[in-house]
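Reading through the structure tokens given below for one structure.
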Amino acid sequence: MHHDRIGGRWKEFKGQARENWGRVTGNQNHVEQGQRERHAGKLQRKHGAYEDEAREQIRELQSRY
């Protein structure tokens, strides 16, 4: 397994934890940050994209919708 894919799994886990914590505390900002981090981790894990590339892909997708 490549280092970037392992990092993607970790990023997914952290994002999910942050998202859940935001829901528990009622903090919408944490929910949104967690969702972005989780999606970046998925991109990084599935496509082997590095962190910066994954963030840029997410920004492009967000600008479309």
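How are the Cα pair distances of the chain distributed, in percent, across 5 Å bins from 0?
For the chain, the pair-distance distribution reads 4, 23, 24, 21, 16, 9, 2, 0.
For the chain, give the magnitude of the charge dipole about the Cα centre (Cβ charges: +1 Lys/Arg, -1 Asp/Glu; no others), in debye to the nearest 20.
Numbers: 14 positive and 10 negative charges, 50 e Å.
Value, rounded to 20: 240 debye.
Compute the helix-to-body angle for 3-25: its Cα long axis versus the longest principal axis of the chain, expressed 0 to 90° and rounded to tens.
Here the helix axis deviates by roughly 10 degrees.
Can you figure out the FRET efficiency of A17 with Y65, using R₀ = 22 Å and their beta-carbon distance, to the nearest 0.05? List each step's numbers first, then the result.
Values: r = 25 Å, r/R0 = 1.14.
So, using R0 = 22 Å, E works out to roughly 0.30.
Cα axis of helix 28-47 to longest principal axis of the chain: angle in degrees, 0 to 90, nearest 10?
Value to nearest ten degrees: 20.
Computed from the coordinates by the stated procedures, all read-outs in this text should not be read as laboratory data. Computed from a predicted structure; not experimentally measured. With ideal geometry, Cβ positions are generated from the backbone for all residues, glycine too; neighbour counts draw on all protein chains shown.
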